Amino acid sequence: MTMQDRITERLRQVLNPLTLEVVNDSHLHAGHHGSPGSGESHFRVVIVSAAFAGLSRIDRHRIINKALEAELKMGIHALAIKAEAPG
């Protein structure tokens, strides 16, 4: 399973999103300092979930980082997050 698939599956399990887009941007960072060269190190997440209702942007990011704790330890160098509540 690719890291992109792992991220997608985990966020679906934890947050039951209305919409979810996980994009692997690693190719844009090949050769940069800190990039492991795995092709699975830089990701962008756009997610809409009712779980975010009434939460600040920081709290939304904390929830996602906690949900992806294992994946972040597996070599993700960068995770760009856009997390919104419905409406």
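The values are calculated or read from the model by the stated rules, or taken from the named source; none is laboratory data. Not measured: the values here are computed from a predicted model. For neighbour counting, all protein chains shown are included, and Cβ atoms are generated from backbone atoms with ideal geometry for every residue, glycine included.
Quick notes
- Pairs linking a residue in region 13-25 that is among the hydrophobic types (A, V, I, L, M, F, W, C) to a residue that is assigned to a loop (DSSP other than H, G, I, E, B), with Cβ atoms under 8 Å and 6 or more positions apart or on different chains, are L15/S49; L18/S49; L18/P86.
- Selection count, region 43-59, where residues are at pLDDT 95 or above and closer than 21 Å to T2 by Cβ: 4
- Residues that are over 16 Å from L15 (Cβ atoms), more than 11 Å from the chain's Cα centre (by Cα) and not small (G, A, S) within region 59-76 comprise K73, M74, listed in sequence order.
- Only one of the numbered conditions (1) modelled with pLDDT under 95; (2) out of contact with any Phe, Trp or Tyr (no Cβ under 9 Å at 6 or more places or on another chain) is violated by D25, and that is (2).
- Residue in region 60-82 that is nearest to R6 (Cα to Cα), counting only those that are part of a helix (DSSP H, G or I) and of a type in the set (V, I, T): I64
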